[in-house]
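Working notes for the structure below.
What follows draws every value from the coordinates through simple rules; no lab data is involved. Since the model is a prediction, treat every value here as computed from it, not as a measurement. So basically every Cβ, Gly included, is an ideal-geometry build from the backbone, and we count neighbours across all protein chains shown.
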Amino acid sequence: MLEINNITKTYGTGDTAFQALKGVTFSVQDGEFVAIMGPSGSGKSTLMHILGCLDTPTSGSYRLDGRDVSTFTDDELAEIRKDKIGFVFQAFNLLPRTTVLRNVMLPLIYEGVEEPERTQRAVDALHAAGLDDMHFEHRSNELSGGQIQRVAIARALVNNPSLILADEPTGNLDTKTGEIVLGTFQRLNEKLGRTIILITHEPDIAEHAQRVIHIKDGNIIDDRKVAHQVRRSETTS
């Protein structure tokens with residue numbers, strides 16, 4: 001799925017230069033659920049931007065689905081983001097006065113996908129994310145926090161990406177609702193085979209993944225399989 005080889009990222013030059021990543025190397029196989037964990041300032045946000053093709057490394061290579069994207073132009077990176085990567089953010093980033101179904105359809109509208117294909121793809125993505133039909137015509141500001149985040153997950157799924165990148169997806173949720181959302185990610189990974197990378201600073205959140213990569217001061221200090229993966233149901237709203 002992806003291979004990061006000796007990635008560095010330096011901001012600034014000369015005496016003001018700051019090296020956020022210091023030769024990071026790891027790979028993620030197709031169908032894995034991996035958490036990248038680290039405190040504030042560890043380099044995990046910089047790494048997330050590179051994994052999401054939102055930024056390029058200073059040196060090293062990044063291969064995604066067999067293509068070295070580390071030297072791509074901004075336009076080429078935009079195409080990769082559109083076709084290969086689904087993003088789920090802490091802040092949801094939904095349009096509050098727009099229906100659930102239309103929020104999920106928006107990426108397809110921008111792509112020029114015609115009806116009824118975009119409606120069917122949006123419905124399929126919402127079902128995959130655990131939303132019932134009864135919620136489809138609700139506005140997103142009429143839903144609970146967990147339901148809103150599952151709409152955001154559906155929007156990430158609608159283009160059938162190779163990789164789902166979730167940046168602190170439970171950060172704005174209470175513990176119980178956060179566990180429901182994490183259960184949704186587990187189901188997408190195990191039943192639908194989605195590759196998921198979860199960015200978090202919380203050890204208990206990371207333990208919901210199959211594998212945890214711990215980053216600190218721009219270096220990977222630990223990369224381990226989760227011996228006892230925390231299990232959660234995604235069905236409660």
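This table checks each residue for (1) crowded, with 19+ Cβ neighbours inside 10 Å; (2) closer than 21 Å to residue 78 by Cβ; (3) not aromatic (Phe, Trp, Tyr).
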residue	(1), (2), (3)
105	yes, yes, yes
137	no, no, yes
140	yes, no, yes
150	yes, no, yes
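Collect the residues in the stretch 7-44 that are in a helix (DSSP H, G or I) and surrounded by 15 or more Cβ atoms within 10 Å (Cβ to Cβ), keeping them in residue-number order.
44
Can you give me the number of residues within the stretch 91-130 that are closer than 14 Å to residue 159 by Cα, part of a loop (DSSP other than H, G, I, E, B) and either within 21 Å of the chain's Cα centre (by Cα) or in contact (Cβ under 8 Å) with a residue 40 or more places away in the chain (or both)?
Count: 1.
What is the one condition in (1) assigned to a helix (DSSP H, G or I); (2) under 15 Å from residue 219 (Cβ atoms) that residue 48 does not satisfy?
That leaves (2) as the condition not met.
Here is a check on your reading of the model: is residue 137 over 17 Å from residue 86 (Cα atoms) and in contact with a His (Cβ under 9 Å, 6 or more places away or on another chain)?
It is false that residue 137 is over 17 Å from residue 86 (Cα atoms) and in contact with a His (Cβ under 9 Å, 6 or more places away or on another chain).
Could you tell me which numbered condition residue 49 fails, if it satisfies all but one of (1) surrounded by fewer than 20 Cβ atoms within 10 Å (Cβ to Cβ); (2) touching a residue at least 24 places away in the same chain (Cβ under 8 Å); (3) under 19 Å from the mean Cα position of the chain (by Cα); (4) closer than 30 Å to residue 143 by Cβ?
(2)
Would you say residue 74 is surrounded by fewer than 17 Cβ atoms within 10 Å (Cβ to Cβ) and under 17 Å from the mean Cα position of the chain (by Cα)?
No; evaluated as a whole, the condition is false for this residue.
I need the full set of residues from the stretch 1-37 which are over 24 Å from residue 66 (Cβ atoms) and over 16 Å from the mean Cα position of the chain (by Cα), in order please.
10, 11, 12, 13, 14, 15, 16, 17, 18, 19, 20, 22
If you scan the stretch 206-224, which residues turn out to be acidic (Asp, Glu) and either within 10 Å of residue 34 (Cα to Cα) or in contact with a His (Cβ under 9 Å, 6 or more places away or on another chain) (or both)?
207, 222, 223
Suppose the filter is of a type outside the set (Val, Ile, Thr), surrounded by 22 or more Cβ atoms within 10 Å (Cβ to Cβ) and under 24 Å from residue 198 (Cβ atoms); does residue 131 pass it?
Numbers: of a type outside the set (Val, Ile, Thr): yes; surrounded by 22 or more Cβ atoms within 10 Å (Cβ to Cβ): yes; under 24 Å from residue 198 (Cβ atoms): yes.
For residue 131, the condition - of a type outside the set (Val, Ile, Thr), surrounded by 22 or more Cβ atoms within 10 Å (Cβ to Cβ) and under 24 Å from residue 198 (Cβ atoms) - is met.
This table checks each residue for (1) aliphatic (A, V, I, L, M); (2) touching a residue at least 12 places away in the same chain (Cβ under 8 Å); (3) touching a Phe, Trp or Tyr at 6+ places or on another chain (Cβ under 9 Å); (4) closer than 27 Å to residue 42 by Cβ.
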site	(1), (2), (3), (4)
141	no, yes, no, no
144	no, yes, no, no
193	no, yes, no, no
202	no, yes, no, yes
205	yes, yes, no, yes
